[in-house]
1. Taking the chain as the reference, fit the longest principal axis to its C-alpha atoms, fit the long axis of helix 56-75 to the helix C-alpha atoms, and give the angle between the two in degrees, 0 to 90, nearest 10.
2. By how many degrees, between 0 and 90 and to the nearest 10, does the Cα long axis of helix 2-19 differ from the longest principal axis of the chain?
3. Please say if the chain is rounded, prolate or oblate, where rounded means a/c under 1.5 for a ≥ b ≥ c the square roots of the C-alpha gyration tensor eigenvalues, and otherwise the choice is prolate for a/b larger than b/c and oblate otherwise?
4. Which value, in debye to the nearest 20, describes the size of the charge dipole of the chain about its Cα centre when Lys and Arg Cβ atoms bear +1, Asp and Glu Cβ atoms bear -1, and nothing else is charged?
5. In degrees between 0 and 90, to the nearest 10, how far off the longest principal axis of the chain does helix 79-103 point, with axes built from Cα atoms?
6. Where in the chain lies the longest segment free of trypsin sites (Lys or Arg not before Pro) that are both loop residues by DSSP (not H, G, I, E, B) and have at most 14 other Cβ atoms within 10 Å?
Amino acid sequence: MLEFLIFHQAVRRTSRLILGYRESGKDVLLALVLSSFGKLVHILMLIWNFNELEYSWLVNAGVLTSNAEALCVLFRTTYWKAYLILGISVAFKIVFQSLLSHYDSQFPVILF
């Protein structure tokens with residue numbers, strides 16, 4: 001949950017920096033939550049053994065593509081800018097995960 005909050009704040013701050021988007025965070029939150037429906041596939045991957053979540057990165061790639069589409073619609077911008085915003089936000093999320101795993105080894109760093 002904390003990682004999602006970091007990701008959400010990074011998307012809000014980056015969109016404000018790149019696009020000048022100054023609307024409420026409610027719209028960004030709604031777009032990110034609704035476009036992240038693919039994360040439910042992880043539950044199915046736990047039920048049926050898919051070689052220890054080996055294909056989890058593929059599900060995350062689909063979710064990021066869906067997030068990019070939602071940001072394009074919300075901000076009325078191009079895919080390049082949406083992927084730039086998401087790339088910077090994922091980088092913030094990875095940095096947060098690495099800091100967390102540095103201090104507590106129970107938290108793994110998931111690159112994608």
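1. Helix 56-75 sits roughly 10 degrees off the main axis of the chain.
2. Long axis of 2-19 versus the principal axis of the chain: about 30 degrees.
3. Here the chain falls in the oblate category.
4. 560
5. 50
6. The segment 23-75 is the longest one with no such site.
Read-outs: derived from the displayed coordinates by stated rules, not from any lab. Every value quoted in this text rests on a predicted model; they were computed, and no experiment measured them. FYI the Cβ positions are ideal-geometry reconstructions off the backbone, even for glycines, and counts take in every protein chain you see.
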